[in-house]
Amino acid sequence: MKPRRAGRPRNSELAQRDQHILQVAGETFLHAGFDGTTMDAVAETARISKRTLYARYEDKTALFKAVLSDLIARWLVPIDRFQCGSAGLTETLLELARYLTTFALTPQSIGVTRIIIAEAERQPEFGRLALETGRKPAVRVIASILRRHREELRPLDLNRAAEQFMNLAIDGHLQLACLGVRSSRQQIERQAQAAVALFLAGTRR
C-alpha cells in the first residue's frame, strides 16, 4: 500500500486534534484557573504551534467557551436516553438525579463552575452560555419526562417543576463542592433518593 501523501489532514484527524486541544485546555484551566491560563501554555502542553491554536480560537475567552461547550455536550448526550426509557417515573427520576449529580461533581465540572462564578462580573457570557446551552436543555428533557407521566401528576407548570427538580437534585451538592466540601457516594445516593421523594410528594396527585 502506498503511503498517504502529506497534505491537508482528514476530518477525523482534525476532530481528534480539536478534542486533544480541548482536553489539554480543560486540564490547564482546571489547574491554573482562568487568569493563570495562557494560550502559550496550552499550545506548548498540547504540542501544537501557537498559530494552530489561534487559528481555531482567537483568544483565551473563546477557548474557555469551547471547553465549556464541550463539557456541556458530553453532559447532555446521556440525558436523552431518559426521555425514551420504559421505567416508571420514580425510577427514571432517581436514575437521572444520580447521573446529574455524579457528572456535576466531577473535578472538571467543579473547576469550570468555579471559573464561571469567579468571572461572572468580567465575563458574564460564560454564565449565559452555561444557562442557554446546558441548564435550559436539561430542564426541557426533565419536563418531557414529566409530560410522559403527566397522568400521575397534579396540574402544574412542567418547566418550572423540572427546574425545581434540578434545584433539589444537584444545586446543593454543586454549591458545597465549589466550596471544597465533597460528597461521598453514600451521600449522593441519600440525597438523590430524598430529592426524588420530596419532589414527587409535592407533584403527584
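Quick notes on this structure:
- The residues in the stretch 77-109 that are within 13 Å of residue 169 (Cβ to Cβ) and touching a residue at least 40 places away in the same chain (Cβ under 8 Å) can be counted, and the count is 13.
- Meeting the requirement of 2 or more residues that are charged (D, E, K, R), modelled with pLDDT under 95 and within 22 Å of residue 203 (Cβ to Cβ), the helices (runs of 4 or more DSSP H) wholly within the stretch 99-193 are 136-148.
- Candidates 165, 199, filtered to the one that is aromatic (Phe, Trp, Tyr) and closer than 22 Å to residue 72 by Cα: 165
- Matching residues, the stretch 76-94, being of a type outside the set (Ser, Thr, Tyr) and at pLDDT below 90: 76, 77, 78, 79, 80, 81, 82, 83, 84, 85, 87
- Restricting the first member to the stretch 159-178 and to residues that are more than 17 Å from residue 134 (Cβ to Cβ), and the second to residues that are modelled with pLDDT of 95 or more and among the hydroxyl-bearing types (Ser, Thr, Tyr), the beta-carbon pairs closer than 6 Å and six or more apart or on different chains are 161/203.
- Every condition in (1) among the charged types (D, E, K, R); (2) over 23 Å from residue 77 (Cβ atoms); (3) open to solvent by less than 50 Å² (accessible area, probe 1.4 Å) holds for residue 171 except the one numbered (2).
- Taken over the stretch 120-132, residues that are more than 11 Å from residue 65 (Cα to Cα), of a type outside the set (A, V, I, L, M) and in contact with a helix residue (DSSP H, G or I) (Cβ under 7 Å, 6 or more places away or on another chain) amount to 0.
- Of the helices (runs of 4 or more DSSP H) that lie entirely inside the stretch 31-76, those containing 1 or more residues that are in contact (Cβ under 8 Å) with a residue 40 or more places away in the chain span 60-76.
The values are calculated or read from the model by the stated rules, or taken from the named source; none is laboratory data. Because the structure is a prediction, the values reported are computed rather than measured. Cβ coordinates were reconstructed from backbone atoms using ideal geometry, including for glycine residues, and neighbour counts include every protein chain displayed. Areas reflect the complete protein model, heavy atoms only, side chains present, ligands, DNA and RNA absent. Shrake-Rupley method; radii C 1.70, N 1.55, O 1.52, S 1.80 Å.
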